[in-house]
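The values are calculated or read from the model by the stated rules, or taken from the named source; none is laboratory data. Since the model is a prediction, treat every value here as computed from it, not as a measurement. Positions of Cβ are backbone-derived with ideal geometry, glycine not excepted, and every protein chain shown enters the neighbour counts. For accessibility, only protein heavy atoms count, side chains too; no ligands or nucleic acids. Shrake-Rupley method; radii C 1.70, N 1.55, O 1.52, S 1.80 Å.
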Amino acid sequence: MVKKVPQIVITKTPLRLSFLGGGTDIGYFYRKYSGAVLSTAINKHVYVTVKRYSDLYDTNFRLNYSITENLNSINKIKNNIIRECLKVANINFPIYVSIVSDVPAGSGLGGSSSVTVGLLNALFCLKGKKISKNKLYKLACKIEIETLKQPIGKQDQFPAVYGGM
C-alpha cells in the first residue's frame, strides 16, 4: 500500500497572552527557585502554509514572511526559525513556506514560538509523519532555546501547542 501524503498544509497556531511569571520559566531561574507562569492562548493566530515546490522553479526554497527569500541552500536562509525547522524536519525536497500573522512581529504575544510550532507541525504533516504534542513542544523549545539561544523561557511554546490557559 502506498502512503498518500498531502501536497499542501496550512496550520493555524494561537498566540498567547502572559499574565504573570514571565522569567520564572527560564532554565537558570526555575532550576534554582522553581517557577510558575500564568498565560493563555488567545484568538489571534499565526498561519503557516507549506507546499511541495514544483521542479519547474529554479530554487529549492521559496520563503514568504515579512520578506521573500528564494534560495537553493538551506544554510543561506536568513530566517533562523525557518532554517532550523527545515533542518529538524529533514526537508530534502523543494518547498514553499508562507507565514502570516494576525498581529505584527514584536507584539509580545509569543509570535516566534507560534511560528516555530506551526511550521514544525506543517512540515511533519507534509512529510506524512505524525508528531505528538509533547514531541512538538520539546522540538520547538529545543530550536528556540538551545539551538538559536533565544533569551526566552518555555511559556511561549506551551499555549502554541496545547492551547488553553
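A few points about this structure:
- Counting only strands (runs of 3 or more DSSP E) that sit completely within segment 41-103, those holding 1 or more residues that are over 25 Å from LYS129 (Cβ atoms) correspond to 68-71, 95-101.
- Of all residues in segment 103-134, those satisfying the criterion of being open to solvent by less than 10 Å² (accessible area, probe 1.4 Å) and within 8 Å of the chain's Cα centre (by Cα) are SER113, SER114, THR116, VAL117, GLY118, LEU119, LEU120.
- Qualifying residue in segment 143-154 (condition: open to solvent by 10 Å² or more (accessible area, probe 1.4 Å), charged (D, E, K, R), out of contact with any Cys (no Cβ under 8 Å at 6 or more places or on another chain) and modelled with pLDDT of 95 or more): no
- First in segment 144-156 and charged (D, E, K, R), second anywhere and open to solvent by less than 80 Å² (accessible area, probe 1.4 Å) and in a loop (DSSP other than H, G, I, E, B), Cβ under 7 Å, 6 or more apart: GLU144/GLN150; GLU144/ILE152; LYS154/ASP25; ASP156/GLY110
- Residue selected from segment 73-88 under the condition under 11 Å from the mean Cα position of the chain (by Cα) and open to solvent by less than 20 Å² (accessible area, probe 1.4 Å), by the criterion nearest to TYR47 (Cα to Cα): ILE82
- Boolean, TYR137 is touching a helix residue (DSSP H, G or I) at 6+ places or on another chain (Cβ under 7 Å) and open to solvent by 60 Å² or more (accessible area, probe 1.4 Å): no
- Selection status of TYR57, under 18 Å from THR11 (Cα atoms), among the hydroxyl-bearing types (Ser, Thr, Tyr) and open to solvent by 60 Å² or more (accessible area, probe 1.4 Å): no
- Flag if SER66 is closer than 30 Å to MET165 by Cα, of a type in the set (S, T, N, Q) and out of contact with any helix residue (DSSP H, G or I) (no Cβ under 8 Å at 6 or more places or on another chain): yes
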